[in-house]
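Everything below concerns the one structure shown next.
None of the figures in this text is laboratory data; all of them are computed from the coordinates on show. All of these numbers come straight from a predicted model, not from anything done at the bench. Here the Cβ is made from the backbone with ideal geometry for all residues, glycine too, and neighbour counts use every protein chain on show.
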Amino acid sequence: MFQRRISHVNRLNVDTLIFSSTIQLGDTKFIDSTNYTFALQREQELFYGNEGTFNDPVFTEDILFAPLDESFALNTTHTSPFIHIDFIDIGGVTASSIIHIGSTQDVRMQAKIKNIRHLFAERERRRQPR
Amino acid sequence: MIFNVVNKDICVGSIKIRAIASSSLLLVGDTKTIQLASAFDTPPESLIVGPLVSVAPKG
């Protein structure tokens with residue numbers, strides 16, 4: 001077991017917490033967080049509600065993570081057993097993000113995003129300067 | 001290789017963050033490993049110029 005300190009936060013203010021985000025107070029062992037986003041931007045406000053699939057290669061192909069079996073001689077010394085923070089102020093937490101007050105051991109986070117822009121007409125090409 | 005780290009006192013006044021997004025992590029504490037991956041796809045064919053058609057509807 002590696003050495004872990006005690007996190008001490010006096011005040012934490014979070015305005016918005018959405019889309020499977022987490023505030024974790026206390027120690028954890030393993031965190032595995034995944035987020036798939038399909039974003040479709042249109043020139044006009046038009047929403048069918050049945051669009052988009054997660055069959056695209058960006059979602060179906062796995063991102064390779066290195067195995068955690070590397071032996072590594074790390075000696076950590078903590079002169080103080082505390083991490084002090086007086087005030088944390090956060091506007092928004094979204095899309096499988098995590099606020100973690102406390103120690104953990106292994107963290108794995110991944111995000112896969114597909115972004116499509118839908119314009120309704122071809123733009124006039126800008127003239128090249130001479 | 002022997003890697004020695006000495007963590008001395010940490011005392012932070014205040015942290016102000018606008019947003020934490022897309023599988024991000026704000027960690028106040030210690031950890032052994034962190035693995036992060038992100039894939040963002042917006043290829044040329046993802047720019048659609050055309051009339052009002054539904055994009056890849058579900059079944």
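Key figures for this structure:
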quantity	calculated
Förster-model FRET efficiency, 35 Å R0, B:Leu47 and A:Leu64, C-beta, rounded to 0.05	0.75
For residues of A:70-81, the mean tally of beta carbons on other chains within 10 Å	4
Helical contribution to [θ] at 222 nm, DSSP H n ≥ 4, -39,500 (n - 2.57), averaged over the protein assembly as shown, rounded to 500	-500 deg cm²/dmol
Alpha-carbon centroid distance for the pair segment A:81-99 / segment A:1-78, whole angstrom	14 Å
Net charge of Cβ neighbours under 9 Å - reference A:Val58; Lys, Arg +1; Asp, Glu -1	-1
Span per principal axis, largest first, for the Cα atoms of segment A:29-130 (Å)	64, 43, 36
Test item: Cα-centred dipole of the protein assembly as shown, Lys/Arg +1 and Asp/Glu -1 on Cβ, debye	580 debye
Neighbour cut-off at most 16 other Cβ (10 Å), DSSP loop, GluC sites (Glu not before Pro), segment A:1-104	A:Glu43, A:Glu45, A:Glu61, A:Glu70
Within a Gaussian network of chain A (alpha carbon springs, distance under 10 Å), most fluctuating of A:Leu25, A:Leu17, A:Leu46	A:Leu46
Overall form of segment A:39-99 per C-alpha gyration tensor (a/c, 1.5; a/b vs b/c)	oblate
Computed log₁₀ I(q)/I(0) - Debye formula, equal Cα scatterers, no solvent, segment A:1-86, q 0.23, 0.24 Å⁻¹	-1.31, -1.34
